[in-house]
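Trainee: Have a look at this one.
The values are calculated or read from the model by the stated rules, or taken from the named source; none is laboratory data. Note that the coordinates shown come from a computational prediction; the quantities given were computed from them, not determined experimentally. Counting neighbours? That spans all protein chains shown, and the Cβs are built from the backbone with ideal geometry, glycine included. Surface accessibility is based on the protein's heavy atoms, side chains included, excluding ligands, DNA and RNA. Shrake-Rupley method; radii C 1.70, N 1.55, O 1.52, S 1.80 Å.
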There are 2 protein chains.
Amino acid sequence: MGRPRGFDAEQALERALLVFWEHGYEGATLTDLTKAMGITRTSMYAAYGNKEELFRKALARYTRGPAGYVAKALEQPTAEAVARALLDGAVRTTTRPDCPAGCLGVQGALAAGETAHSARDALIAWRRDGGEAIRSRFEQALDEGDLPPGSDPAHLARYVTTLAYGIAVQAAGGVCRDDLQQVADSALLNWPPHPVTPTGTGTPPRRGGRGPS
Amino acid sequence: MGRPRGFDAEQALERALLVFWEHGYEGATLTDLTKAMGITRTSMYAAYGNKEELFRKALARYTRGPAGYVAKALEQPTAEAVARALLDGAVRTTTRPDCPAGCLGVQGALAAGETAHSARDALIAWRRDGGEAIRSRFEQALDEGDLPPGSDPAHLARYVTTLAYGIAVQAAGGVCRDDLQQVADSALLNWPPHPVTPTGTGTPPRRGGRGPS
DNA sequence: TCTATTCAGTACCGCTCGATACATAAGTTT
DNA sequence: AAACTTATGTATCGAGCGGTACTGAATAGA
């Protein structure tokens, strides 16, 4: 009951997502956001809570929207296909001509001041959760014999996500899609990168001479 | 002539660098900066100009300080040693226990609002210049027969820098040094990643079926 | 010692930030 | 139509932002 909302909450959230994506959490002001959303500050607070909650809702929409390729990639039949779908998706999503360059999960709040600590932590958790989902998928692949015995699923997940994040940084700097696709293709030429002794079951081979510093 | 400066300008710049490194350009306030530098706002403006110039000077100090491993890496005798030194240096610099996690050149201003556009562009140029220096080094390696004929130095440089940026993002999220060193080692197992036809001299092999977006 | 020149500290500037109080409009329910 | 509930728009809040006059303080040269 009461007066009905005069705007489409999902569409307005999509607009807010684009602003956060382009300017990051701290760089996106309420004036920018509400102007893009086509609503007033009051309506924004009534519908989403505050800036921080608006960001979290935008991140959730990002996950099931532009970043939906991650969930789809995990459904690929083989570990290599999963890795390829992840990197191809990262290249495409970070270089879409109709969206800001880069990845919201990376550039939304990589380093931040006091006021953006919660947003930064939310993105750290977002990346960690994504990485663990990939690791879990690779564990399944290992069980299925889809990966060589002795492979470390956590390591493979870090390998893929590290490349994806690097691709996102490059895209944010204006590197074009074709150049990044070449990088993704190169990184998957030796898949899996190599069988690494799982942590805890032995001493991984490491070159010496590196001190702490 | 006149009253001499009452503080060490280089040491104060080092303190400012750490603040920018940890909180990014937008997240670092003048109160944070001057408190860490141990000087007043007035002294900061007199010595460095303004916040933007302070950031540029801090970035220059970062380049010849914590990021000095890049210049050293370019002096390695072989392309593979260059790549290895770059990734090892990235791992170590982004995970130093006495410095903020991550890379100033990445998290200083990846996405930004209006007021930080110049800082963001400065970092984009910083990354681009670094990448071109690496490309130039790989061109030299190609001339010396240190890389297989047909290798694309620009592509190899993007491959290495993409990994370095990804490592920086992982480090910013708290991933530990050993895990990142594994990623760096894996990425260099197949060096060079593969000989790619230089852009413009032919159609690089690409899998089909990918439309725009 | 006197004067010129530069540095340092206090207090403050205008502005924008995220967030809200309040009055009004637009619906639903009775 | 009256009562109630919720959304919208205006105008503004206190706080913090980057940046700056202005007043002393400290040193160099005459």
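Trainee: Exactly one condition in (1) at the interface with chain B (Cβ under 7 Å from one of its Cβ atoms); (2) more than 13 Å from the chain's Cα centre (by Cα); (3) open to solvent by less than 50 Å² (accessible area, probe 1.4 Å) is not met by A:Gly174; state its number.
Mentor: A:Gly174 satisfies every listed condition except (3).
Trainee: Tell me yes or no: at least one residue of segment A:82-98 is assigned to a helix (DSSP H, G or I), under 24 Å from A:Leu156 (Cα atoms) and free of Cβ contacts under 8 Å to residues at least 24 places away in the same chain.
Mentor: Yes - at least one qualifying residue is present in segment A:82-98.
Trainee: How about segment A:75-90: which of its residues are open to solvent by less than 50 Å² (accessible area, probe 1.4 Å) and within 13 Å of chain B (Cβ to nearest Cβ)?
Mentor: Listed by number, the residues that qualify are A:Ala81, A:Ala83, A:Ala85, A:Leu86, A:Leu87, A:Asp88, A:Gly89, A:Ala90.
Trainee: Considering segment A:42-81 alone, what residues qualify as being more than 15 Å from DNA strand D (Cβ to nearest atom), more than 13 Å from the chain's Cα centre (by Cα) and not in a helix (DSSP H, G or I)?
Mentor: Within segment A:42-81, A:Leu74, A:Glu75, A:Gln76, A:Pro77, A:Thr78 qualify.
Trainee: Continuing with the same structure: Within segment A:36-51, can you find the residues that are loosely packed, with under 15 Cβ neighbours inside 10 Å and not hydroxyl-bearing (Ser, Thr, Tyr)?
Mentor: Answer for segment A:36-51, where residues must be loosely packed, with under 15 Cβ neighbours inside 10 Å and not hydroxyl-bearing (Ser, Thr, Tyr): A:Gly38, A:Arg41, A:Ala46, A:Gly49, A:Asn50.
Trainee: Follow-up question, since we're still on this one. Which one of the conditions (1) touching a Phe, Trp or Tyr at 6+ places or on another chain (Cβ under 7 Å); (2) under 22 Å from A:Gln181 (Cα atoms) does A:Glu75 fail to meet, given that it meets all the rest?
Mentor: Looking at each condition in turn, A:Glu75 falls short on (1).
Trainee: As an exercise: evaluate A:Thr93 against (1) within 18 Å of the chain's Cα centre (by Cα); (2) open to solvent by 40 Å² or more (accessible area, probe 1.4 Å) and give the number of the one condition it does not meet.
Mentor: Tallying (1) within 18 Å of the chain's Cα centre (by Cα); (2) open to solvent by 40 Å² or more (accessible area, probe 1.4 Å), A:Thr93 fails exactly one: (2).
Trainee: Conditions first: (1) touching a residue at least 24 places away in the same chain (Cβ under 8 Å); (2) within 26 Å of A:Ala171 (Cα to Cα). A:Ala47 passes all but one, so which condition is the exception?
Mentor: Tallying (1) touching a residue at least 24 places away in the same chain (Cβ under 8 Å); (2) within 26 Å of A:Ala171 (Cα to Cα), A:Ala47 fails exactly one: (2).
Trainee: Inside segment A:1-38, can you point out the residues that are touching a residue at least 60 places away in the same chain (Cβ under 8 Å) and within 12 Å of DNA strand C (Cβ to nearest atom)?
Mentor: Answer for segment A:1-38, where residues must be touching a residue at least 60 places away in the same chain (Cβ under 8 Å) and within 12 Å of DNA strand C (Cβ to nearest atom): A:Phe20, A:Gly24, A:Tyr25, A:Glu26.
Trainee: Name the single residue that is farthest from DNA strand C (Cβ to nearest atom) among those in segment A:52-63 being crowded, with 18+ Cβ neighbours inside 10 Å and within 17 Å of A:Leu110 (Cα to Cα).
Mentor: Only one residue fits best here, namely A:Tyr62.
Trainee: Of everything in segment B:1-35 that's open to solvent by 80 Å² or more (accessible area, probe 1.4 Å) and within 14 Å of chain A (Cβ to nearest Cβ), which residue is nearest to B:Ala58 (Cα to Cα)?
Mentor: Per the criteria, the residue is B:Glu22.
Trainee: Select from segment A:145-163 the residues that are open to solvent by 20 Å² or more (accessible area, probe 1.4 Å) and closer than 18 Å to A:Asp129 by Cα and list them in ascending order.
Mentor: A:Ala154, A:Arg158
Trainee: Provide a single number: the residues in segment B:108-150 that are farther than 18 Å from B:Arg64 by Cα and within 11 Å of another protein chain (Cβ to nearest Cβ).
Mentor: Total meeting the criteria: 12.
Trainee: Let me ask you something else. How many of the residues making up segment A:96-121 are among the acidic types (Asp, Glu) and under 14 Å from the mean Cα position of the chain (by Cα)?
Mentor: Total satisfying the criteria: 1.
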